[in-house]
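K.L.:
What follows is a structure written as structure tokens; I'll ask about it next.
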Amino acid sequence: MDLIHKPVITGQNLTLRPFKEDDLQAIKISLQDQEVIRLTGSSGEFDEEKVNQWYLTRNSQADRIDLAIVDHETQSVVGEVVVNELDFSSNSMNFRILIGQKGRNKGLGTEALSLITKYLFEEIKLDKITLSVFLFNPRALHLYKKAGFTEEYIERTELNHGEFADEVFMSLSIEQWKQSH
């Protein structure tokens, strides 16, 4: 499966599209957002040059899809959706989403998840989407459950500085998705 084609997916309130160089400042702001750092279990320490290089090479990656979330109201990038970890044996991929402060509490996460799952099941023809979320992120857990994802297992994960948290691993099969649509 070659995912070199990066789609533009337009919804009612947002567009998912490949990254552009102009997006780097907005992504940098999102990566420094304290809520994003906490909910993703990251350290918040990013080398700006490495971050820029990372995002500028996402569109050429054939084994993943990285898309900017553009809020129609403000016409600004408020986050990203990432689909990676292609597993040929189960015809599945992993999903994650990041929404910075300027995009939160507007329903953009719900819409972005709906748009990308539809694309992955109907266009890419995946059989399953997987994800993980920390138990201390009830908003994301609610979103994923509402979208039909089911818990598979919970694992104790080491975060930064010797802290630990429960990480919930979830999945959504094409059959589950079809039942809810």
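One line per residue, one yes/no per condition, for (1) touching a Lys or Arg at 6+ places or on another chain (Cβ under 6 Å); (2) within 29 Å of Val168 (Cβ to Cβ); (3) not in a helix (DSSP H, G or I):
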position	(1), (2), (3)
Phe19	yes, yes, yes
Gln25	no, no, no
Ser30	no, yes, no
Arg38	no, yes, no
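K.L.:
Could you check the range 44-73 and list, in sequence order, the residues that are in contact (Cβ under 8 Å) with a residue 40 or more places away in the chain and of a type in the set (A, V, I, L, M, F, W, C)?
P.N.:
Correct list: Ala62, Ile65, Leu67, Ala68, Ile69, Val70.
K.L.:
Quick one: which of Glu111, Glu175 is in a helix (DSSP H, G or I), more than 22 Å from Gly41 (Cβ to Cβ) and either of a type in the set (A, V, I, L, M) or in contact with a strand residue (DSSP E or B) (Cβ under 7 Å, 6 or more places away or on another chain) (or both)?
P.N.:
Being in a helix (DSSP H, G or I), more than 22 Å from Gly41 (Cβ to Cβ) and either of a type in the set (A, V, I, L, M) or in contact with a strand residue (DSSP E or B) (Cβ under 7 Å, 6 or more places away or on another chain) (or both) holds for just one of Glu111, Glu175, which is Glu111.
For (1) of a type outside the set (Val, Ile, Thr); (2) modelled with pLDDT under 95; (3) exposed (fewer than 13 other Cβ atoms within 10 Å of the Cβ), each residue gets a yes or a no:
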site: Gly79; (1), (2), (3): yes, yes, no
site: Gln101; (1), (2), (3): yes, yes, no
site: Ile116; (1), (2), (3): no, no, no
site: Leu131; (1), (2), (3): yes, no, no
site: Pro138; (1), (2), (3): yes, yes, yes
site: Glu158; (1), (2), (3): yes, yes, yes
site: Phe164; (1), (2), (3): yes, yes, yes
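K.L.:
Hey, another quick one. Restricting to the range 118-129, name every residue that is surrounded by 16 or more Cβ atoms within 10 Å (Cβ to Cβ) and of a type in the set (Lys, Arg).
P.N.:
Lys128
K.L.:
Give me the residue from the range 60-73 that is of a type outside the set (Gly, Ala, Ser) and surrounded by 15 or more Cβ atoms within 10 Å (Cβ to Cβ) and, out of that set, farthest from the chain's Cα centre (by Cα).
P.N.:
Pass one, the range 60-73, residues of a type outside the set (Gly, Ala, Ser): 61, 63-67, 69-73.
So of that shortlist, the ones also surrounded by 15 or more Cβ atoms within 10 Å (Cβ to Cβ) come out as 64-67, 69-71.
On the way: Arg64: 12, Ile65: 10, Asp66: 8, Leu67: 9, Ile69: 10, Val70: 13, Asp71: 15 Å.
Checking each candidate, the answer is Asp71.
K.L.:
For the range 74-90: of the residues being in contact (Cβ under 8 Å) with a residue 60 or more places away in the chain and more than 13 Å from the chain's Cα centre (by Cα), which is farthest from Lys20 (Cα to Cα)?
P.N.:
My answer is Phe88.
K.L.:
Still on this structure, I have one more. Being crowded, with 21+ Cβ neighbours inside 10 Å, farther than 15 Å from Arg17 by Cα and either of a type in the set (A, V, I, L, M, F, W, C) or without any contact (Cβ under 8 Å) to a residue 60 or more places away in the chain (or both): is that true of Phe149 here?
P.N.:
yes
K.L.:
Quick one: which of Ser92, Ser60 is over 30 Å from His161 (Cβ atoms) and modelled with pLDDT under 95?
P.N.:
None of the other options fit; the residue is Ser60.
K.L.:
Out of everything in the range 143-181 that is closer than 15 Å to Ser92 by Cβ and acidic (Asp, Glu), what residue ends up being farthest from the chain's Cα centre (by Cα)?
P.N.:
Residue satisfying both the conditions and the ranking: Glu175.
K.L.:
Does Leu135 satisfy being touching a strand residue (DSSP E or B) at 6+ places or on another chain (Cβ under 7 Å) and closer than 17 Å to Gly41 by Cβ?
P.N.:
In short, yes.
K.L.:
Okay, next question. Considering only residues that are more than 14 Å from Val78 (Cβ to Cβ) and of a type in the set (Val, Ile, Thr), look in the range 1-33 and name the one that is farthest from the chain's Cα centre (by Cα).
P.N.:
The residue in question is Ile4.
K.L.:
Can you spot a residue in the range 7-26 that is among the β-branched types (Val, Ile, Thr), at pLDDT 90 or above, in contact with a strand residue (DSSP E or B) (Cβ under 7 Å, 6 or more places away or on another chain) and under 28 Å from Ser90 (Cα atoms)? Walk me through it before giving the result.
P.N.:
Filtering the range 7-26 for residues among the β-branched types (Val, Ile, Thr) gives 8-10, 15.
Remaining after also requiring at pLDDT 90 or above: 8-10, 15.
Then drop every residue that is not in contact with a strand residue (DSSP E or B) (Cβ under 7 Å, 6 or more places away or on another chain), which leaves 8-9, 15.
Subset that is under 28 Å from Ser90 (Cα atoms): 8-9.
There is at least one residue in the range 7-26 that is among the β-branched types (Val, Ile, Thr), at pLDDT 90 or above, in contact with a strand residue (DSSP E or B) (Cβ under 7 Å, 6 or more places away or on another chain) and under 28 Å from Ser90 (Cα atoms).
The values are calculated or read from the model by the stated rules, or taken from the named source; none is laboratory data. Predicted, not measured: the structure shown is a model, and the values here were computed from it. Note that each Cβ is placed from the backbone with ideal geometry, even for glycine, and that neighbours are counted across all protein chains shown.
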